[in-house]
Amino acid sequence: MALKKIAYVILLISLFVFASCQQEEPTIITCADDEILVDGVCEKVVIKTDFEKTFDAMENLDNYTLTVTIQQFATVYEIEMKVDDDKSSFMMDDQTHFYQKNGTQVDHYFPVGEGYRKETVNQSSQGQSFHFFNDLEASWFQEVSGKYFLQADYNDDVALFFQSEFPGSTVSNLELVVGDTHFSQIIFNVTVGEIMYQFSMTITAIGQTDVVLPTL
Amino acid sequence: MKKITSFILLLIISIMWVGQSVQASMRLTITTRETRFVEGVRHTEIVGQLEYEGVTSNQVINYIGANVSLYDDLNIVVGDNYKPHDSWGRGTILAHMDDIHERYPNYQVIGGVNGDFYNTSITNLNGQPQGGYIRNFEVIASGVVSTRPLAGFKDDGTTVFGVPCYSGYQLLVYDEDGALKKEVSIERINNLPTANDKVTVYFDNYDLPISSAHNKVIIDAKETKMDGVRYFGSGAFDSMTEVDVTVADHTFVIVGTDFNEDGLITDVDYVVVQRKIGCGFEDVRFAVGVYDEIVTDGVPVTYLEKGLDPAFKHPRTAIGLKADGTVFFVVVDGRNKPLGMDGVNLYELAQIMVYFEAVKAYNLDGGGSSTMALLNEEEGYDILNTPSDGTVRAVTNGVFIVKGEHIPRPAPVGFPDPRIKLDRPMNLYVDSQGDLRFDPVLHSLSYMVSVNGTLLASDDESFTLSLEPGEYVIKVRALADQLNYKHSDFSEEFVLIIHPNEINRFMELLKSFLQEEIKD
């Protein structure tokens, strides 16, 4: 009789254990149409246009060639700037200066006679309030007939770039030309006092720019 | 006692009589007299009546003068508009001033007058001065009339008057610094040398080939002057040959056995062929031909056997020297009686020069040539007198008072030159402050910086450039003591483009941006 009781208790415990191990039915999560399930959570889907994607592509750009022309009346000044990771170059009037990052400082290679000399300088502390094409935002632009123009409300943001040297200068008529993946050209006017300078910045050779430092 | 009193009285009367005899010969009654000073040069204009030997005339007299022996930065120079080759040529004294400014940036003409008499024939000799003419130590003209005196001006401020003497031709070879390397005697012109140690020169008026086995050094002439009797030539080395040559236009050829085998004339040297001048004119930097001596030891001439219409009234120009070293010019207007400009004869001119305290004076070309000009407040020039032609006449040359010191003439260095030439400055660049920098040169005392050809002095290897926007070609040479070491050659040229200030600031912004773009 005692064995029978023990058998009932064991059976009861076993039933209890089996019952507790049984899986729950899975919960089905349904996201809204403009959402996507990420890690069991519905998140809003941001669908970017090709134009907006170029702004993302410009971030952390570390290899490119930037050709800048500044036109004042009939006179055009041309500058070619190259960035190749930790090296860069600045060429104007057939003279090229080179820069290489050296810790918190920069090695500046400048032309002397037929060759070059190097000086180590503190990295520029100009600290422009506006880091130019890195700081442009897609929402600032308005498309007109396939062209992208900076809305007038944001001219002052871009003008910040020039304030350290030209306080009170203004920027106007900024047009952004985009290529397949990146910006290809930025055109704008800078007015200093009563003189207007027409700027054109053309970005090329992205990922293909090679800066070779001169031998000393 | 009575005798003594009578003697003293007689002496006083005789002294008064002698004094009156000098003074009484001319009386100048002044209507107006105005004097002013322009950059240290005195200008006086007198309008009045001149009475000389019983004849009264109306006169307008202009005087300019300066003490060039006292002030180093006031000097006398000559100017002309001679063509480099083939003929002489004339110009107004205003054009002569332009010529001076072009030749010598260190001088600013303050004022001056017309110079020598000249050839007026319608030939290539038009404009040839009748007397000698020395321009910056070069005897350009040696005088059609050998007895014509010169007024010469030395670097120490002394003025030399007199008839120069000439003794054959000389070849002067100067190095690139203008230091005399060697003087070679020229045996004759347009003829072969008569001996192995002789040297001759052929000018381009010699049409035949020079047929000989001599060495022939061809000089690319900067300037040639010749009239078939007298010659002058200057220029630079072109080539050397032993073969027969014909003298090309605007060249001259130095001929001699083995001449220049020693490398005497190199392609950086400058050579001059000229008549060797003497009799006090050896160290004269500038000289102009004058004519009659009208004041001697402070005494005006009262009779002249020669001279151009000495007894007739004309417009006249004269140059005078005072006892204190002041050189002055006088122009008396003439041929214009309605305006009170009767003109003077040479004796009256002499009296006027004494009136202005001349101890020595000579007349220059006069008549329609008489012209005097002076710097005005607008940095232009006023013609002070009334030229009788009604316009300023083109004349052979002029003589001028200038402000500015002479560039010292380097001491002769001899040949072969025993000095060691300094190394050229290297590694020119302009630093971020806009200063020109270069590597120092051993044994240099200072440096000469050439900016688009304008020469500037620098004490050391850093030179502050203050340049307007533009493109500049810059080169530098190291300067030596010229005794043991000689100046270096110029460095390689360095092209510097100066942009407007705003563009420079844009560049700095972009450079700053660029530095921030490079990553670790």
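Side notes on the structure shown:
- Excluding same-chain neighbours fewer than eight residues apart, the lysines reachable from residue B:181 by a Cα-Cα span under 21 Å are B:198, B:216, B:222, B:276, B:421, B:486.
- Least to most buried among A:184, B:491, B:370, B:239 (fewest other Cβ within 10 Å first): B:239, A:184, B:491, B:370
- The Cα atoms of the range A:65-216 define a convex hull whose projected area, averaged across directions, is 10.9 nm².
- Exposure proxy ranking for B:117, B:252, based on other Cβ atoms within 10 angstrom of each Cβ and starting from the fewest, stands as B:117, B:252.
- Counting Lys and Arg as +1 and Asp and Glu as -1 over every other residue whose Cβ lies under 11 Å from the Cβ of residue B:490, the net charge comes to -1.
- Rounded to the nearest 20, the size of the Cβ-charge dipole of chain B about its Cα centre is 2600 debye, with Lys and Arg at +1 and Asp and Glu at -1.
- Angle in degrees between helix A:2-21 and the longest Cα principal axis of chain A, rounded to the nearest 10: 20
- Averaged over B:227-234, number of beta-carbon atoms from partner chains that fall within 10 Å: 0
- Exercise: per-residue mean of other protein chain Cβ atoms within 10 Å, B:426-437: 3
- Counting other Cβ atoms within 10 Å as a rough exposure proxy, the listed residues B:506, A:188 run A:188, B:506 from fewest neighbours to most.
- Equivalent ellipsoid dimensions for the range B:167-278 as semi-axes, Å, which come from the Cα gyration tensor, largest first: 18, 16, 14
- Contact order normalised by residue count of chain A, Cα under 8 Å, 6+ apart, percent: 21
- Chain B - percent relative contact order, Cα under 8 Å, separation 6 or more: 17
- In order along the range A:137-146, the phi-based Karplus estimate (6.51 cos²θ - 1.76 cosθ + 1.60, θ = phi - 60°) of 3J(HN,Hα) comes to 10, 4, 5, 7, 9, 10, 8, 10, 6, x Hz; Gly and Pro are listed as x.
- Highest to lowest packing among B:391-397, B:326-332, scored as the average C-beta count within 10 Å: B:326-332, B:391-397
- For the range B:273-351, applying the loop criterion from DSSP together with a ceiling of 11 other beta carbons within 10 Å to the GluC sites (Glu not before Pro) yields B:305.
- Shielding by other protein chains, B:487-494, mean Cβ within 10 Å: 1
- With Cα atoms defining each centre, the range B:81-110 and the range B:143-205 are spaced 22 Å apart in the structure.
- Net charge of neighbours whose Cβ lies under 12 Å from the Cβ of residue B:460, counting Lys and Arg as +1 and Asp and Glu as -1: -3
- Nearest-ten-degree value, helix B:501-517 long axis tilted from longest Cα axis of chain B: 20
- Most positive-pole-ward Cα, B:326, B:398, B:430, against dipole of chain B from beta carbon charges: B:326
- Overall form of the range B:295-336 per C-alpha gyration tensor (a/c, 1.5; a/b vs b/c): oblate
- q = 0.18, 0.27 Å⁻¹, the range B:465-520: log10 I(q)/I(0) [Debye, one scatterer per Cα]: -0.78, -1.02
- Helix B:346-355 axis, angle to chain B major axis (alpha carbon atoms, nearest 10°): 80
- log₁₀ of I(q)/I(0) at q = 0.21, 0.22 Å⁻¹ - the range B:420-505, Debye sum with one point per alpha carbon: -0.92, -1.00
- Shape metrics for the protein assembly as shown, restricted to C-alpha atoms - Rg then Dmax, Å: 43.5, 201
- Calculated P(r) tail over 41 Å for chain B, as whole % of Cα pairs: 36
- Helix-only mean residue ellipticity at 222 nm for chain A, each DSSP H run of n ≥ 4 adding -39500 (n - 2.57), per residue, nearest 500: -5500 deg cm²/dmol
- With viscosity 1.002 mPa s and temperature 20 °C, the Kirkwood radius over alpha carbon pairs of the range B:108-232 converts through Stokes-Einstein to a diffusion coefficient of 126 µm²/s.
- A simple count of charges around residue A:180, restricted to other residues whose Cβ falls under 13 Å of its Cβ and scoring Lys, Arg +1 and Asp, Glu -1, yields 0.
- Hz values of 3J(HN,Hα) by residue in the range B:41-56 - Karplus curve (6.51, -1.76, 1.60), Gly and Pro given as x: 9, 8, 10, 10, 10, 10, 10, x, 10, 10, 10, 9, 6, x, 10, 9
- Ordering of B:123-135, B:464-476, B:255-267, B:334-346 by burial proxy (mean other Cβ atoms within 10 Å per residue, highest first): B:123-135, B:334-346, B:255-267, B:464-476
- ³J(HN,Hα), Karplus 6.51/-1.76/1.60, whole Hz, each residue of the range B:241-246, x for Gly, Pro: 8, 10, 7, 5, 9, 10
- Entry note, chain B: the mean residue ellipticity at 222 nm calculated from DSSP H runs of n ≥ 4, each adding -39500 (n - 2.57), is -4000 deg cm²/dmol after division by the residues and rounding to the nearest 500.
No lab work stands behind these numbers, since they all come straight from the coordinates. Since we're looking at a predicted model, the values are computed, not measured. Virtual Cβ from ideal backbone geometry, glycine too; neighbours counted across all protein chains shown.
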